[in-house]
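Report on the following structure.
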Amino acid sequence: MSHATLHRRLTQRLIPPGDWRADAGPARSDFDLNPGMDRSGNPLRPAAVLVPIVAHDTGATVILTRRADTLSSHRGQIAFPGGRLDGAETAVQAALREANEEIGLDPAAVEILGLGDAYETGTGFLMTPVVGWLNHTPIMTASPAEVADIFETPWDFLMDVANHRREQYELPDGPPRQFWSMPWQDRYIWGATAGVIRALHGRLYGEEADCIRAEAEDAA
């Protein structure tokens, strides 16, 4: 079990932050599982989320949030801290700012390792995952207007494809919509958040001849 091998794989396999471009298109999307799903045709709204990995002695975890029940959209859902880009912000700047606003995470405590694949959501956002590394769990305070809860999920659980479920829900009209989910304890991680995690697994391990061996090397 090695934090060092995980840290090295992340820095080697992720997209360098300097390669981010505001006009880049999505590499992954909610439409990958739903090719017949209608797109709005409107320009995608740029957004960024922070994927904060905490290197505990007992094993690496990922910080996630449960959105406040009072929000107008996606209330109560599990999400990474993040949101829309503000003006001329880069994805890294937006992810760190949003994490500070939503959970009080000090940007200085985060080592940025790289970017995941840009992800198009069914709601019209182009979401860039920004992967950060923390050596311990920082002091965090949830913004009550945006976040109901902050929690940590084991990295090894999220990167184990045995925990990646392909599910669907019925729509009043049209074909069922499919999505990824990764239920953990009493938390139901699904939708775009699970899609980003699945895409991150693909970037880190999808090209390995022996995916399970590679995951075991990074188990932390």
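Computed from the coordinates by the stated procedures, all read-outs in this text should not be read as laboratory data. Just so we're clear, the structure is a prediction, and the values are computed from it rather than from any experiment. Cβ: placed from backbone, ideal geometry, glycine included. Neighbour counts: every protein chain shown.
When you go through (1) of a type in the set (Ser, Thr, Tyr); (2) out of contact with any Lys or Arg (no Cβ under 9 Å at 6 or more places or on another chain); (3) touching a residue at least 60 places away in the same chain (Cβ under 8 Å) one by one for THR141, which number turns out not to apply?
Answer for THR141: the failing condition is (3).
Mind checking which residues of segment 175-191 are of a type in the set (Gly, Ala, Ser) and without any contact (Cβ under 8 Å) to a residue 40 or more places away in the chain?
SER181
Could you say which residue among PRO52, PRO46, PRO26 is assigned to a loop (DSSP other than H, G, I, E, B) and within 16 Å of the chain's Cα centre (by Cα)?
Of the residues listed, the single one that is assigned to a loop (DSSP other than H, G, I, E, B) and within 16 Å of the chain's Cα centre (by Cα) is PRO26.
Could you list, in sequence order, the residues of segment 102-129 that are over 23 Å from GLY195 (Cα atoms), surrounded by fewer than 22 Cβ atoms within 10 Å (Cβ to Cβ) and touching a strand residue (DSSP E or B) at 6+ places or on another chain (Cβ under 8 Å)?
Those that are over 23 Å from GLY195 (Cα atoms), surrounded by fewer than 22 Cβ atoms within 10 Å (Cβ to Cβ) and touching a strand residue (DSSP E or B) at 6+ places or on another chain (Cβ under 8 Å): ALA109, GLU111.
Any residue at all in segment 147-167 that is surrounded by 14 or more Cβ atoms within 10 Å (Cβ to Cβ), in contact (Cβ under 8 Å) with a residue 60 or more places away in the chain and hydroxyl-bearing (Ser, Thr, Tyr)?
Yes: segment 147-167 contains one or more residues that are surrounded by 14 or more Cβ atoms within 10 Å (Cβ to Cβ), in contact (Cβ under 8 Å) with a residue 60 or more places away in the chain and hydroxyl-bearing (Ser, Thr, Tyr).
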